[in-house]
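**Student:** Can you read through this structure? Questions will come right after.
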């Protein structure tokens, strides 16, 4: 632990304004928590603040009291956050109100400890973005595209298994059943969850930045593949006259069954990167002829 005793004033300078900020944003936070509790797409939100605190704990040896110097330019960041919040209220955009909380937090950290403390806490603050629900427009756009992709890919997969599947819009016609890939089954839940998981792993592992970028970018195809596996498995069960089990897989067990699939694919990406990228210190020495 690198933080010495004289960090108490710093902790107080962060803690008191933080408490005031949480009070000011209480209504916004209450709305976010309600969304976590009622919308399955954001049920992972309860874990996001916990993981952010864990990130700070894992990085505790990367900051010392000598690095912490209060900087009043952080007040400008707080003012910027307040401006974003006002814009959200003026233009009736609740997500701006929620995003402004992260900007205000960053400003408070800068006021308390300057650029060094802000750089230390940045991963935890940035990860908090995953607790904020997507704007309605972005959610609709992403959901629609994911629906179309999942329908086309699942239809192709079922045809590969010999099932006479035909796509009609976002509905897959089977021999004796119609499998609707509705908005709730578009895979957006998996996409958001796997992005949060990939970013969290990228913050924790000690890899190069290109490897971390690849790891985060892999979240999108992993989410699509996991959803296609779920839909394809459901279609195969319907074809096998196991309708009750198919409905359970498609709705009730989807999240539980696909999370191991996504984790396996994510670990596979890490293993591939470990074998494909050789650290400079371990590179084989050059040999000279003659």
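**Student:** To the nearest 0.05, how large is the calculated FRET efficiency for residue 91 and residue 67 if R₀ is 41 Å and r is the Cβ-Cβ distance?
**Tutor:** The calculated FRET efficiency here is 0.60.
**Student:** Continuing with this model, one more query. Can you give the relative contact order of the range 5-133 as a percent, counting alpha carbon pairs under 8 Å and 6+ residues apart?
**Tutor:** So the answer I get is 33 percent.
**Student:** Next question, about the same structure. Would you mind calculating the relative contact order of the range 137-276 from Cα pairs under 8 angstrom and at least 6 residues apart, reporting the percent as a whole number?
**Tutor:** Here the relative contact order equals 24 percent.
**Student:** Please compute the modelled spin-label separation between residue 177 and residue 206, points set 7 Å along Cα→Cβ, answer in nm with one decimal.
**Tutor:** Here the modelled spin labels are 4.9 nm apart.
**Student:** Go ahead and run the numbers for FRET between residue 34 and residue 156, Cβ-Cβ distance against an R0 of 45 Å, rounding to 0.05.
**Tutor:** Efficiency computed from Cβ-Cβ geometry: 0.70.
**Student:** Once each part is reduced to its C-alpha centroid, what is the distance from the range 94-117 to the range 201-226 in angstrom?
**Tutor:** The distance from the Cα centre of the range 94-117 to that of the range 201-226 comes to 26 Å.
**Student:** Here is a follow-up. Any idea what log10 I(q)/I(0) is at q = 0.09, 0.17 Å⁻¹ for the range 5-133, Debye with uniform C-alpha scatterers and no solvent?
**Tutor:** The Cα Debye sum returns log10 ratios of -0.27, -0.92.
Read the figures in this text as sums done on the coordinates, not as results from a lab. Here the structure is a predicted model, which is why all the values come from computation and not from measurement. Every residue, glycine among them, receives a Cβ derived from its backbone with ideal geometry; neighbour counts consider all protein chains shown.
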